[in-house]
Amino acid sequence: FSVAATCGFNELAIKELHLLKESSLWERLINPSYRILTETAVFAPTTDEKWIDGIIDMLVMAPSGEEVSILDWKTNRRKEGESKGAFLERLKEMYRPQLDAYRYGIKEITGCREVSTQLYATATGKDVRF
């Protein structure tokens, strides 16, 4: 028995795994030339003498080592009647401050100039870059 099945989430787990495998993100995640770091702690200065302290879900480093993508994995659910597009925009706006802080921190820590951010919504199987 899997934990998902024991808790009654087996169908949801199967559906969301299928969505991930069909997503544009999947090819990058299984490509062995990319370096993937999960659950990466960041404690770094931002601006105006403030600091961020958090856990980045996933860092995806390009083969060149000059590009880093911060991936935030979101399990939020759509509101009743909310379109996929509206849902993704809501998540983007809700989590933008967090991801902007992570981007700044990773730039400070690594010195990498090309740091992008994106959300992956498990409910839709879609990612949003910004």
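The 1.4 Å probe gives accessible areas that order M58, M94, largest first, as M94, M58.
Lysine pair count for the chain (Cα-Cα distance under 27 Å; residues 8 or more apart in sequence or on different chains): 24. Split the chain at each of the trypsin sites (Lys or Arg not before Pro) in a DSSP loop with at most 13 other beta carbon atoms within 10 Å, and the longest piece is 1-49.
Surface exposure of the chain, expressed per residue as accessible area with a 1.4 Å probe, stands at 63 Å². Remark: relative contact order (the chain) = 26 percent; criterion is Cα-Cα distance under 8 angstrom and separation of 6 or more residues.
Only one residue of V68, G111, A4 has its Cα farthest out toward the positive end of the dipole of the chain, where Lys and Arg carry +1 and Asp and Glu -1 on Cβ, and that residue is A4. In the chain, the portion of solvent-accessible area held by carbon and sulfur atoms comes to 53 percent [1.4 Å probe, whole percent, DNA, RNA and ligands not counted]. For helix 10-22, report the angle its Cα long axis makes with the longest principal axis of the Cα atoms of the chain; keep it between 0 and 90° and round to the nearest 10°. That helix lies at roughly 50 degrees to the long axis.
Taking the helices alone, the chain has a mean residue ellipticity at 222 nm of -12000 deg cm²/dmol, built from -39,500 (n - 2.57) per DSSP H run of at least 4 residues and averaged over all its residues. Sorting T38, T122 on solvent-accessible area from highest to lowest, probe radius 1.4 Å, gives T38, T122.
Fraction of C-alpha pairs exceeding 15 angstrom in the stretch 1-97: 75 percent, rounded to a whole number. For the stretch 21-109, a simple Cβ point-charge model (Lys and Arg +1, Asp and Glu -1, everything else neutral) yields a dipole of about 360 debye relative to the Cα centre. With Cα atoms defining each centre, the stretch 77-109 and the stretch 1-73 are spaced 14 Å apart in the structure.
The values are calculated or read from the model by the stated rules, or taken from the named source; none is laboratory data. Computed from a prediction, not measured in an experiment: that's the story for all the values here. Reconstructed Cβ throughout: ideal geometry from the backbone, glycine too, with neighbour counts over all protein chains shown. Keep in mind that these areas ignore ligands, DNA and RNA; they rest on the heavy atoms of the full protein, side chains included. Shrake-Rupley method; radii C 1.70, N 1.55, O 1.52, S 1.80 Å.
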